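**Student:** For reference, the structure I am asking about is given below.
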Amino acid sequence: MTQQLTGSIRKFASSALQLCASGRPALYKLQQQQQQKRGEGNEAELSMVKLGLGQSGVRQIGEDAILIGQTGGDCDAEFSYFGVADGVGGWRDQGIDPGEASLALLDGCRSVFDASTSLKELLTRAHGDLLNSRRDLIGSTTVCLARYSTETRRLDVANLGDSGLCVMDAEFQLRMRTQFQSNMGGVFNCPMQLAFPKALSGQYPKPGECELYSIVLEPGDVVLMATDGLWDNLYQKTIEEIFRHAFQSTVDESAEVETEASPPLEAASRILVDAATYLSAEQSYFSPFCQSAKDAGLKYVGGKEDDISVVLARLCPSQADVSTPKAKL
């Protein structure tokens, strides 16, 4: 399987590099939504949203949603912030669109964003405002939020559920990774989640139960945030291999400085989604989700088909002078 996966990664990389368009080295999101369940074919719709520095927005595709934004303008942004949320799919059985909760929560976070407020407080405020203003909203969602300071290069993260974030150094070695909160109430594959409306929310976790992380980014660091569709299908070592291949294939080693165009990030995002999608449909693959099931005393074989949302950011070496703390993603 390792040789097969390596060959698939290289195949995806080759096609991805041909499709990559130049863009600012900001934040990229690539989301793969499976339109049909296993056994009914693997047709899928690929949608990519690019939100450069100076833009802010929330997008929903399928049950997932993403948030990307910043304070200030393109050249003087003090903070960048981004997030992913995954609406819990079980609500669809009751005729409710799971994506409504994920979209509403991230839009609420965008509305109350404050650089001086902790992410836990921000999440609590956004959730509380929605409970009071959107009494028609029914559902639940996981969430992962991050905020980056250009002055200090500090990245703060809040995570609740089984979405998550990792930071890799310039050599794509893991520096930090959030932990999953996957088994709410001891139930396997039932992640910690925030619920709506108010009458229901009391039976679910509170925003204050999110886990907090903080790390100072170094030049060349890569930040990967994703919903569980990625983490359930790709091991960390595979993710690191994908980044090495994408950057080796797209970076001109003879260049003295990195240009504003950032094809490696876009290539990596495409390959990550392609690889996770490919493996999610492999019924003989011992996926990370299989390992989690085994750890819980359950039997499961194969990948796990799901929406896959990815946000990537890199602290470019040419923009991060160690003697000058201020640097942009």
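The values are calculated or read from the model by the stated rules, or taken from the named source; none is laboratory data. If you're wondering where the values come from, they're calculated on a predicted model, not measured in any experiment. Note that we place each Cβ from the backbone using ideal geometry, even for glycine, and neighbour counts take in every protein chain shown. Accessible surface is based on the protein model in full, side chains and every heavy atom, while ligands, DNA and RNA are left aside. Shrake-Rupley method; radii C 1.70, N 1.55, O 1.52, S 1.80 Å.
**Student:** Listed here are the pairs K237/K294; K206/K294; K198/K299; K237/K304; which of them are more than 26 Å apart at the Cα?
**Tutor:** Checking Cα-Cα distances, K206/K294; K198/K299 exceed 26 Å.
**Student:** With labels modelled as points extended 7 Å from the Cα through the Cβ direction, what inter-label distance (nm, one decimal) is found for F188 paired with D93?
**Tutor:** Rounded to a tenth, the inter-label distance reads 1.6 nm.
**Student:** Rounded to the nearest 20 debye, what is the charge dipole size of the stretch 271-319 about its Cα centre when +1 sits on each Lys and Arg Cβ and -1 on each Asp and Glu Cβ?
**Tutor:** Charge dipole of the stretch 271-319: 180 debye, to the nearest 20.
**Student:** Percent of accessible area on the stretch 46-315 owned by carbon and sulfur, 1.4 Å probe?
**Tutor:** 48
**Student:** Enumerate by residue number the GluC sites (Glu not before Pro) in the stretch 145-248 meeting two conditions: DSSP loop (anything except H, G, I, E, B), and at most 16 other Cβ atoms within 10 Å of the site's Cβ.
**Tutor:** E151, E171
**Student:** Continuing with the same structure: Measuring from the lowest to the highest alpha carbon on each principal axis, how far does the stretch 46-315 reach, largest first, in angstroms?
**Tutor:** Its Cα atoms span 60, 48, 29 Å along the three principal axes.
**Student:** Within 10 Å of each candidate Cβ there may be at most 12 other Cβ atoms; applying that plus a DSSP loop requirement, which trypsin sites (Lys or Arg not before Pro) in the stretch 276-319 survive?
**Tutor:** Here the sparse-neighbourhood loop sites are K299.
**Student:** If you don't mind, there's one more thing I want to ask. Can you give the translational diffusion coefficient of the stretch 93-172 in µm²/s, computed by Stokes-Einstein from the Kirkwood radius over Cα pairs at 37 °C and 0.692 mPa s?
**Tutor:** The estimated diffusion coefficient comes to 231 µm²/s.
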